[in-house]
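A quick write-up on the structure given underneath.
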Amino acid sequence: MSTHIDDLRRRLFDAIDGVVAGTMSVEQARQISELSQVVVNSAKVEVDYLRVTDGGKSAFIERGQGLPALSKDPLNDALRGRLGRDK
């Protein structure tokens with residue numbers, strides 16, 4: 001089993017497709033959604049940790065080459081269109 005954010009997205013979209021196609025029950029999809037939320041919440045804690053420690057690595061959320069460092073104020077940066085770039 002892979003443990004990367006892209007795999008989580010794929011599984012969630014597979015669940016949606018399954019419900020639409022009738023091959024997965026709504027209850028099964030709901031359970032997948034609830035479990036996925038736990039993973040997402042865990043990732044949020046990981047991102048907060050990376051922010052507080054000024055970096056590090058994450059096997060779940062990898063920063064690729066050339067992406068901006070985590071911002072101390074991501075909401076303000078997003079509102080101003082900076083998304084983590086230097087001010």
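Structure data summary
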{"read-out": "Any hit, segment 36-59, residues being loosely packed, with under 11 Cβ neighbours inside 10 Å, at pLDDT below 70 and among the polar types (S, T, N, Q)", "value": "no"}
{"read-out": "Extreme residue, farthest from Glu46 (Cα to Cα), among residues of segment 2-35 that are assigned to a helix (DSSP H, G or I) and among the β-branched types (Val, Ile, Thr)", "value": "Val20"}
{"read-out": "Ala78 being more than 14 Å from the chain's Cα centre (by Cα), in a helix (DSSP H, G or I) and at pLDDT below 80", "value": "yes"}
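The values are calculated or read from the model by the stated rules, or taken from the named source; none is laboratory data. The structure presented is a predicted model; accordingly, all values stated were derived computationally and were not measured. Here Cβ is always computed from backbone atoms with ideal geometry, including for glycine, and neighbour counts include all displayed protein chains.
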